[in-house]
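The values are calculated or read from the model by the stated rules, or taken from the named source; none is laboratory data. Computed from a prediction, not measured in an experiment: that's the story for all the values here. Here the Cβ is made from the backbone with ideal geometry for all residues, glycine too, and neighbour counts use every protein chain on show.
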There are 2 protein chains.
Amino acid sequence: MSLSFRVAARDGSARTGVLTTPHAAVETPAFLPVGTQGSVKGLDPQELTAMGARMLLANTYHLYLRPGAGVVRRLGGLHRFMQWPGGILTDSGGFQILSLSSLRQVDDQGVVFRSHLDGSLHALTPEGAVAIQEELGADIITVLDECLPYPVEEARAADSVRRTLDWARRCRESHRTDQALFAIVQGAAFPRLRRRCAEELAALDFPGYAVGGLSVGEPKELTWEVLGETTAHLPPEKPRYLMGVGEPADLLAGVATGVDLFDCVLPTRLGRHGMLLTARGRLSVRSARFAQDASPPDPDCGCTVCRRFSRAYLRHLFRSGELLGPRLASQHNVYFLLRLMAQARDAIRAGSLAEFTGSFLARYRENAWRKGCVT
Amino acid sequence: MSLSFRVAARDGSARTGVLTTPHAAVETPAFLPVGTQGSVKGLDPQELTAMGARMLLANTYHLYLRPGAGVVRRLGGLHRFMQWPGGILTDSGGFQILSLSSLRQVDDQGVVFRSHLDGSLHALTPEGAVAIQEELGADIITVLDECLPYPVEEARAADSVRRTLDWARRCRESHRTDQALFAIVQGAAFPRLRRRCAEELAALDFPGYAVGGLSVGEPKELTWEVLGETTAHLPPEKPRYLMGVGEPADLLAGVATGVDLFDCVLPTRLGRHGMLLTARGRLSVRSARFAQDASPPDPDCGCTVCRRFSRAYLRHLFRSGELLGPRLASQHNVYFLLRLMAQARDAIRAGSLAEFTGSFLARYRENAWRKGCVT
């Protein structure tokens, strides 16, 4: 298995370390920008490298439908296809099948779904999900899981955990490459089910564990309760990956709970809409009050956007429908989350994660932009 | 006047030299990428510098309407606003008033037009056009001209030349900064009128001369006839700028006629639609036959796109609606035209412009992509 994980320091349940794969040495906790369709929207891989990204997530569901896993394989695999020299993690498609496709039918055998692109019918088994990810060629691949909506009845969730465990075993058995196969803990918002799922998967000794099916609409307190009950029963020496989480406050809560990897489309999605993540909260750069504002978008940021351009220019780009606007805003936002993770790693090493989180969130949540008291 | 122009070598009517402004030393003949609204669509100024662009064109009409010339001035001028360290040339708005605005009314005093953005009414005089461009702060600014459609009657064109000459004088008189003010030769497709306009403007001793009102629908042979009759009567020691021309064949024809500067939205507009300029003609990267093509977009190109990405990946980006597609295609296309001008300069120095043009066009026009005979 081409993956190693070394924890270098701990602070409460939080830890910092290095995850090493064939393409990357990733300092953890780490945020993985998302290249849904083989591209982090609007950004060049060279920019991602320059700003310190070492691993990306790509979506199996999307790449399987277009351009097709066989096409990616014949073109040399995903790293070569998208010219990304760092690490790649692919999800299994379970979440996108839940959220995007219509006519979903799940049974113990696998999933039948219709493509959101052309309505075509597809059957995906655990073995098939692994085979597709082997063709894509990421450093880390994931088992097929059943991702449930919120809320859901406990009996349904229990049956889904049974199925997810069964599928995890089948994925492991069919897996042939030296890609690291991560299991995915499910169990909806039921701590008891999460614990059982985590313990049984831990016994199967996967090289890493993803936590799926959270941030699907449940209250935040429940997210952290369920996550805590999950990570507490995962092997401490294995990396943990919380899927689909990227809000600054959620990243820090995840870090405190002992999560090592995160991914989210948030920074690029917000960026495309002119929303900037800053140390003082979200800033909507389209706002008229920035029309003549020569200040950098985020005065606390050292990214290549904030070091050069003004709020007034970014506002102008968005008002004028210029492609450069979404690009620069996405670039800043990805940098912001990468830097937040670097600060969290420093804080863990210094034993001051709680203080860092407290002071970061106080400033972030004050949201000085909304109040209009920042000049 | 902060502009100097030195011709270093000639080849027939063509010449190569250096145009120096406060922000740039531009080797001529040069292609100026267009930053219509203060941004070369999809590209970062740093990329333009890296690929050798030394001067951009920006549109007075667009920037006057949004964000407003006063806003740009208060934010430190256009160079600072858009973070472009090189030279900038602004047109006067005459062409956009012709092509974009409704309810245009031209008399000797100036132009009244409605904004294409919100229908608001604006009056622009020659003095106003200069004042706006002084606020924008480009290295080179241009006189207000009346740009006529094709075809047009000679009497109408003659009257327009009279007006354009009058406006040129008024612009010169009202001009106060050390920006270089270029005159614009008009005269529709009538060689006689073009010659008169060129001679009278030459007598006024402007630091440079633009040729406007060409490539507005007239047959190509007429374009070159009219252009030749124009440049022949412009002072040889002054730079000449052919407005709005960017097709490779047209650039080379312009160079042969003695033009020094060109601008065009062509490379970024084509790029946004997935059309690549290559040495073998235009390549539509969306074509299904590139679906599994691992070759670089243009095998003859050394740009940062062609050195890394495959045709299959570019096709995938366009099919998937990824922002990176238009960005990469635009980047390649701008590079292609910058390189074409560098090759033309080399050819002029070597006295082989005709041979270079002949062999370039033979290959370009063969359009191997369309025939499907390139692998």
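Of the residues B:ARG269, B:ARG327, which single one is over 30 Å from B:TRP224 (Cβ atoms), part of a helix (DSSP H, G or I) and within 14 Å of chain A (Cβ to nearest Cβ)?
Values: B:ARG269 fails: over 30 Å from B:TRP224 (Cβ atoms).
None of the other options fit; the residue is B:ARG327.
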Which ones in the range A:22-68 are more than 21 Å from A:ALA9 (Cβ to Cβ) and among the polar types (S, T, N, Q)? A:THR36, A:GLN37, A:SER39, A:GLN46, A:THR49, A:ASN59, A:THR60
On the given criteria, is A:GLY244 in a helix (DSSP H, G or I), in contact (Cβ under 8 Å) with a residue 40 or more places away in the chain and not assigned by TED's automatic domain parsing to the domain that holds A:GLY281? no
Count of residues meeting criterion [free of Cβ contacts under 8 Å to residues at least 40 places away in the same chain and buried (at least 16 other Cβ atoms within 10 Å of the Cβ)] in the range B:19-33: 1
Mind listing whichever residues of the range A:76-100 are surrounded by fewer than 21 Cβ atoms within 10 Å (Cβ to Cβ) and either outside the structural domain of A:THR28 (by TED's automatic domain parsing) or not in a helix (DSSP H, G or I) (or both)? A:GLY76, A:GLY77, A:GLN83, A:PRO85, A:GLY86, A:LEU100
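To keep it simple, each residue is scored yes or no on (1) assigned to a helix (DSSP H, G or I); (2) closer than 23 Å to B:GLY17 by Cβ; (3) out of contact with any His (no Cβ under 7 Å at 6 or more places or on another chain).
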{"position": "B:ALA189", "(1), (2), (3)": "no, no, yes"}
{"position": "B:LEU193", "(1), (2), (3)": "yes, no, yes"}
{"position": "B:LEU201", "(1), (2), (3)": "yes, yes, yes"}
{"position": "B:GLY213", "(1), (2), (3)": "no, no, yes"}
{"position": "B:GLU218", "(1), (2), (3)": "no, no, yes"}
{"position": "B:ASP250", "(1), (2), (3)": "yes, yes, yes"}
Pick from A:VAL34, A:VAL18: which is within 13 Å of another protein chain (Cβ to nearest Cβ) and closer than 29 Å to A:ALA342 by Cβ? A:VAL34
Scan the range A:288-302 and report the pairs whose first residue is closer than 16 Å to A:ARG370 by Cβ and assigned by TED's automatic domain parsing to the domain that holds A:MET275 and whose second residue is basic (Lys, Arg) and surrounded by 19 or more Cβ atoms within 10 Å (Cβ to Cβ), with Cβ atoms within less than 6 Å and a gap of 6+ or a chain change. A:PHE290/A:ARG311; A:PHE290/A:ARG315; A:ASP293/A:ARG311; A:PRO297/A:ARG311
Does B:THR278 meet the test of being surrounded by 19 or more Cβ atoms within 10 Å (Cβ to Cβ), in contact (Cβ under 8 Å) with a residue 12 or more places away in the chain and either of a type in the set (D, E, K, R) or touching an Asp or Glu at 6+ places or on another chain (Cβ under 9 Å) (or both)? yes
Contacts under 6 angstrom Cβ, first residue in the range A:34-51 being free of Cβ contacts under 8 Å to residues at least 40 places away in the same chain, partner in a helix (DSSP H, G or I), 6 or more apart: A:GLN37/A:HIS62
So which of B:ASP293, B:ASP298 ends up being of a type in the set (Asp, Glu), within 14 Å of chain A (Cβ to nearest Cβ) and either closer than 26 Å to B:THR164 by Cβ or surrounded by fewer than 24 Cβ atoms within 10 Å (Cβ to Cβ) (or both)? B:ASP293
Only unsatisfied item for A:VAL226, checking (1) surrounded by fewer than 22 Cβ atoms within 10 Å (Cβ to Cβ); (2) over 25 Å from A:THR21 (Cβ atoms), is (1)
Please specify each residue of the range B:34-65 satisfying the condition of being over 14 Å from the mean Cα position of the chain (by Cα), among the β-branched types (Val, Ile, Thr) and surrounded by 24 or more Cβ atoms within 10 Å (Cβ to Cβ). none
Restricting attention to the range A:334-342, does a residue exist that is surrounded by 22 or more Cβ atoms within 10 Å (Cβ to Cβ), touching a Cys at 6+ places or on another chain (Cβ under 7 Å) and in a helix (DSSP H, G or I)? yes
Scan the range B:148-159 and give yes if some residue there is surrounded by 16 or more Cβ atoms within 10 Å (Cβ to Cβ), within 23 Å of B:ALA203 (Cα to Cα) and either assigned by TED's automatic domain parsing to the domain that holds B:VAL216 or touching a helix residue (DSSP H, G or I) at 6+ places or on another chain (Cβ under 7 Å) (or both), otherwise no. yes
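I want to confirm something. Restricting to the range B:306-324 and keeping residues that are more than 9 Å from every other protein chain (Cβ to nearest Cβ) and assigned to a loop (DSSP other than H, G, I, E, B), which single residue is surrounded by the fewest Cβ atoms within 10 Å (Cβ to Cβ)?
Initially, the range B:306-324 is screened for residues more than 9 Å from every other protein chain (Cβ to nearest Cβ), giving B:306-307, B:311, B:314, B:318.
Still in the running and assigned to a loop (DSSP other than H, G, I, E, B): B:306-307.
Values: B:CYS306: 24, B:ARG307: 10.
The selected residue is B:ARG307.
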Return the residues of the range B:39-73 that are among the small types (Gly, Ala, Ser) and at the interface with chain A (Cβ under 8 Å from one of its Cβ atoms); say none if nothing qualifies. B:SER39, B:GLY42
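Quick check on the range B:103-117: of everything there that is at negative phi and not hydrophobic (A, V, I, L, M, F, W, C), which residue is surrounded by the fewest Cβ atoms within 10 Å (Cβ to Cβ)? Talk me through it step by step, then tell me what you get.
Applying the first criterion (at negative phi) to the range B:103-117 yields B:104-109, B:111-117.
Remaining after also requiring not hydrophobic (A, V, I, L, M, F, W, C): B:104-105, B:107-109, B:114-116.
Details: B:ARG104: 12, B:GLN105: 11, B:ASP107: 8, B:ASP108: 11, B:GLN109: 12, B:ARG114: 17, B:SER115: 16, B:HIS116: 15.
Top of the filtered list is B:ASP107.
Let me confirm something: among A:SER39, A:SER13, which residue is over 20 Å from B:GLY325 (Cα atoms), not assigned by TED's automatic domain parsing to the domain that holds A:PHE336 and not basic (Lys, Arg)? First the steps, then the outcome.
Working: A:SER39 fails: over 20 Å from B:GLY325 (Cα atoms).
After ruling out the rest, the residue left standing is A:SER13.
Given the structure, is B:ARG163 more than 24 Å from B:ILE88 (Cβ to Cβ) and modelled with pLDDT of 95 or more?
Numbers: more than 24 Å from B:ILE88 (Cβ to Cβ): yes; modelled with pLDDT of 95 or more: yes.
Here the answer is yes, as B:ARG163 does meet what is asked.
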Has the range A:13-20 got any residue that is assigned to a helix (DSSP H, G or I), touching a strand residue (DSSP E or B) at 6+ places or on another chain (Cβ under 7 Å) and of a type outside the set (Asp, Glu)? no
